[in-house]
Amino acid sequence: MACTSLAAGEGPSQVYLMLSAINSARPQEMQLSSGTVQLLAAHFAALENWYPIFVEFPSLDENSIKRFVDTVDRLNGMGNLVLRANVMGAFQAELGYGRFWRGSGRFPMSN
């Protein structure tokens with residue numbers, strides 16, 4: 001039986017594993033650039049729960065990923081907490097609808 005003392009969390013290994021998962025789902029010609037990898041790594045602590053979307057939708061280009069990170073940064077920067085919660089809820093709902101429709105097969109995305 002093997003055992004490890006590596007704890008799950010936000011360490012470099014978790015960042016590496018998530019970025020590797022994102023890249024492995026993408027075609028060779030759409031692999032993440034070093035700039036996008038650095039952007040995603042820098043925002044890992046705040047956005048790690050969102051990153052599986054990039055695995056699920058590998059056809060998203062780098063500009064879409066960068067716009068996503070920028071949008072979440074803007075939402076998180078909203079000073080009015082009630083408004084931020086409402087806008088973030090609507091944002092999450094929109095992403096959920098996209099995932100639902102893709103999963104239903106009605107709107108297949110090319111990979």
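Every number here is computed from the coordinates shown, using simple stated rules; none is lab data. Because the structure is predicted, anything quoted here is derived from the model rather than measured. Positions of Cβ are backbone-derived with ideal geometry, glycine not excepted, and every protein chain shown enters the neighbour counts.
Per the Cα gyration tensor, segment 23-63 maps to an equivalent ellipsoid with semi-axes of 17, 13, 7 Å, ordered largest to smallest.
As an exercise, find the ratio Rg/Rh for segment 33-104 from alpha-carbon atoms, using the Kirkwood inverse-distance average for Rh. Using only Cα positions, Rg/Rh for segment 33-104 is 0.98. Between His43 and Glu62, the modelled labels are 1.5 nm apart [label points 7 Å from Cα along Cα→Cβ].
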